[in-house]
Amino acid sequence: MINRDILTKFLEKKLNIKKYEDYCPNGLQVEGRSKINVIITGVTASLDLIKTAVDMKADAILVHHGYFWRGEDFNVIGINKKRLEQLIMNKINLYVYHLPLDMHPRLGNNAQLAKILNFSCTRRFSKNNIGWIGKIINFKKYNFQEIITIKDLFNHITRKIGRKPIVIGNLDKKIDEIGWCTGAAQNLLIDAINAGVSAYISGEISESTVYTSRESGVAYFAAGHHATERYGIKALGEYLEKKFKINNYFIDIDNII
Ligand SMILES: [Zn+2]
């Protein structure tokens with residue numbers, strides 16, 4: 001059991017949330033009960049996730065994508081009302097960590113994606129060093145097939161993430177350094193090209209991404225926004241479970257994007 005205000009302060013410091021200018025408020029977005037014993041983690045604070053938390057009698061939900069995004073309708077009507085009503089009526093705290101979770105060097109989305117894909121990070125790129133660059137490690141130790149070409153990397157990502165990415169590029173081309181940044185970071189492909197990678201992985205893809213990839217010769221993988229951002233919040237929940245001896249459950253609400 002942990003006190004809500006102590007957890008709020010702890011996470012504020014742990015994820016260094018004051019450091020980031022973000023598209024949404026980070027930290028406790030919706031206040032629930034003051035004692036927390038059961039936490040649910042998930043990628044997005046959708047109604048399905050909230051209903052699961054209600055069924056599981058959770059005291060708090062921790063997500064990467066919360067509410068009050070810049071440019072969004074803030075009126076508490078329609079979908080907003082349904083979500084907030086469920087949280088408030090059931091006294092469930094909602095904690096949201098967007099950029100602070102992308103950026104955390106160990107629990108963050110890029111760090112955790114690297115862990116899942118067995119990438120070592122050697123350097124960073126783009127604004128605030130948000131993008132990571134590295135190579136695949138230890139393929140022999142883990143009995144992987146040697147990853148030499150874009151096609152090998154496609155098979156590797158498919159196996160590790162459990163879904164086929166969209167890939168743009170010559171499948172027979174050899175790869176050297178790989179860049180990655182989870183979620184909707186397809187626009188960082190240009191920065192990844194300028195940083196000299198031979199392949200770049202993110203979650204989503206835009207129409208223009210295809211031409212940028214083709215015309216630069218740098219392969220692009222859209223491995224899923226949701227799929228690439230499952231791992232940070234999951235790692236955060238597991239970390240809090242150990243640290244504060246609370247019960248944590250990661251709930252994966254399916255999302256094809
Ligand atoms: Zn995202």
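Brief remarks on what is shown
- Applying 1/(1 + (r/R0)^6) with R0 = 51 Å to the Cβ-Cβ distance of Arg214 and Lys245 gives a FRET efficiency near 0.45.
- Label zone (Lys91, point 7 Å along Cα-to-C-beta; backbone nitrogen cut-off 19 Å) within the range 45-84: 50-62, 84.
- Of the solvent-accessible surface of the range 2-103, computed with a 1.4 Å probe and all protein chains present, 53% belongs to carbon and sulfur.
- Flagged links, alpha-carbon separation over 30 Å, of Lys57/Lys82; Lys82/Lys242; Lys19/Lys57: Lys82/Lys242; Lys19/Lys57
- Nearest-20 debye value, the range 47-188 charge dipole, Cβ charges on Lys, Arg, Asp, Glu: 340 debye
- The length gained on full extension between Leu47 and Asp252, counted as 0.36 nm times the residue separation minus their Cα-Cα distance, comes to 72.5 nm.
- Here the dipole of the range 109-227 is about 460 debye; that uses its Cα centre as origin and unit charges on the Cβ of Lys and Arg (positive) and Asp and Glu (negative).
- Fully extending the segment from Ile79 to Phe10 would add 21.8 nm, taking 0.36 nm per residue of separation and subtracting the current Cα-Cα distance.
- Simple rule: put +1 on each Lys or Arg Cβ and -1 on each Asp or Glu Cβ in the chain, find the dipole, and look at Ala235, Ser216, Thr52; the Cα lying farthest toward the positive end is Ala235.
- Global geometry of the chain, whether rounded, prolate or oblate, following the gyration tensor of its Cα atoms and the 1.5 cut on a/c: prolate
- Calculated from backbone phi, Karplus (6.51, -1.76, 1.60) coupling profile of the range 195-207 in Hz, x at Gly/Pro: 7, x, 6, 9, 8, 9, 10, 9, x, 9, 9, 10, 3
- For the range 189-220, backbone nitrogen atoms closer than 20 Å to the point 7 Å from Lys160 Cα along Cα-to-C-beta are found at 189, 192-193, 196-205, 218-220.
- Principal axis dimensions, largest first and in whole angstrom, of the range 2-103 by Cα: 34, 33, 19
- Annotation: per residue accessible area for the range 2-103 equals 49 Å², rounded to a whole number [probe 1.4 Å, protein chains only].
- Helix-only mean residue ellipticity at 222 nm for the chain, each DSSP H run of n ≥ 4 adding -39500 (n - 2.57), per residue, nearest 500: -10500 deg cm²/dmol
- The range 123-231: Lys pairs at Cα distance under 24 angstrom, eight or more positions apart or on different chains: 22
- Evaluating 6.51 cos²θ - 1.76 cosθ + 1.60 at θ = phi - 60° for every residue in the range 216-232, the Karplus couplings come out as 9, x, 8, 5, 10, 10, 9, 9, x, 5, 4, 4, 7, 10, 6, 7, x Hz, glycine and proline recorded as x.
The values are calculated or read from the model by the stated rules, or taken from the named source; none is laboratory data. In this text the structure is predicted, and so the values were computed from the model without any measurement. No Cβ is skipped: glycine too gets one built from the backbone with ideal geometry, and neighbour counts run over all protein chains shown. These area figures cover heavy atoms from the full protein model, side chains too; ligands, DNA and RNA do not enter into them. Shrake-Rupley method; radii C 1.70, N 1.55, O 1.52, S 1.80 Å.
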